[in-house]
Structure formats: structure tokens, C-alpha cells
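The values are calculated or read from the model by the stated rules, or taken from the named source; none is laboratory data. Treat the numbers as computed from the prediction; the structure is a model and nothing was measured. Cβ: placed from backbone, ideal geometry, glycine included. Neighbour counts: every protein chain shown. Just the protein is used for accessible areas: all its heavy atoms, side chains included, with ligands, DNA and RNA removed. Shrake-Rupley method; radii C 1.70, N 1.55, O 1.52, S 1.80 Å.
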Amino acid sequence: MSTQALTKTVNKVKPKQLKNRLGAAIVSMILGIISAIFVVFAIVIEVVTYASGVGLTFVIIAGISSLVGFPLGLSAIKSSKGRGMAIAGITLTILPFLFVVIALVITIMYMFF
């Protein structure tokens, strides 16, 4: 194989380009912030007013926003831009979701036992 043929072959091989998923990272982080705010609202409403219907509504909204934001953060974590925001979005959606699961388990146990 000649040097020119080898150079052409090497030039054809390009590294895999990472997709730019900055938008998904931003949406994931925003949804994580929203879910964290709604979890705080739910805690404050439950502690101050004992209005379980309103607090449960905030918990459900936080759970839905966490369920939407988490996969977006996972898809954006391997992107060329916005990796830090994707990590923040994943973190901010996992923590409220864990609280949502715990709150729903406690609510169901309270209802049936």
C-alpha cells in the first residue's frame, strides 16, 4: 500500500461526533427545579395546614416533572454541550422523585392501615 493510499484511508476515518443536546439538558434542569419547588410546597402545606389533598397534588406534579426530566437528563449527559446542566437535572429530578415515592407509600399506608 502506498503512502498516498494510506493517507486517504486515515483521513476518511473520523471520530464519532457527539450530538448537541443542550436543549434537553436545560429542560431537564428546569423540570428538576420545578419538581424540587413543588416538593417543598407540598411539605410546607402538609406541615402548616394539614390539607392533604393540596399537598398530594403538589407531590403528584413533582413526580410527573421528575419522570419527564430524568430521561432528558440521561440523554443529554453524553452530549457535546450542557453536560453539567444534564448532571444537575438528573440530580434535581432524582431527589424529589425519591421523596414522591416515600410520600406516596406513607399516604397509602395511612389510608389502609
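Computed over protein heavy atoms with a 1.4 Å probe, the accessible surface of region 24-113 works out to 60 Å² per residue. For the peptides 39-46, 77-84, 64-71, residues were scored by their other Cβ atoms within 10 Å and the scores averaged per peptide; the highest-first order is 64-71, 39-46, 77-84.
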